[in-house]
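Please read the structure below before turning to the comments.
Each reported figure results from applying straightforward, stated rules to the coordinates on display, with no laboratory input. Computed from a prediction, not measured in an experiment: that's the story for all the values here. Please note: Cβ atoms are built from the backbone with ideal geometry, for glycine as well, and neighbour counts cover all protein chains shown.
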Amino acid sequence: MRLVDHLGSHEIRWKSDLASFPAPPEFSELLKVPDVLIDVPYLRISDAIHQAVAKLVRLESDEQVSQSKLAILIDLDFGRLSVNGQEIVVGKSRQYYFDPRLVIRALEVIKDRTIRVGISPIQDVPRAYLSFLAEQEGWTVQCSLLSIGTDTQKLYPLPPGRNR
């Protein structure tokens, strides 16, 4: 990987053969900008996500719902963004669940007064990518997250040491 900026040229090389680590077939969709993006004030979406996480904490402690079954539900339908913390259930189309830790991390990377948010469904599977975009220092920065669902619950929680 090579980067050239006002400080000069920077290059990173890997000694391993990257071809030995094949990406999943949906990976090519990760970098595509969603067809529909809505502009959302950063503080508004950050507050909504943090309130959803607080709701998840209450659900886990009050109702003894397993952390592996809790996620942030994001629905982007008819140009309206809905965010909720809840137990993962088989939902309607255009509603997708995301790992709360990753959504919070994405908001740490993507910062601007207003950010653009979009969802790109993946064909033939009930999953999607959630994309956050912002203009930062003259660049468009994009952070995309793969949704989780009832089929991916077995992946959570991560083994010790993997969730850092």
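With the Cα gyration tensor of segment 39-153 in hand, convert its eigenvalues to equivalent ellipsoid semi-axes via √(5λ) and list them largest first in whole Å.
24, 17, 12
When only C-alpha pairs under 8 Å and at least 6 residues apart count, what is the relative contact order of segment 1-118, in percent? Working shown, then result.
Working: 121 pairs, mean separation 33.2, N = 118.
Reported relative contact order: 28 percent.
For residue 61 and residue 36 in one chain, what is 0.36 nm times their gap in residues minus the Cα-Cα distance, to one decimal in nm? Write out the running numbers ahead of the final one.
On the way: separation 25, 0.36 × 25 = 9.00 nm, distance 3.66 nm.
Separation in residues times 0.36 nm, less the Cα-Cα distance, equals 5.3 nm.
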Residues of segment 1-42 with amide N under 17 Å of the 7 Å Cα→Cβ point at residue 81: 33-42
For a label point 7 Å from the Cα of residue 125 along Cα→C-beta, name the residues of segment 34-58 whose backbone N is under 20 Å from it. 34-35
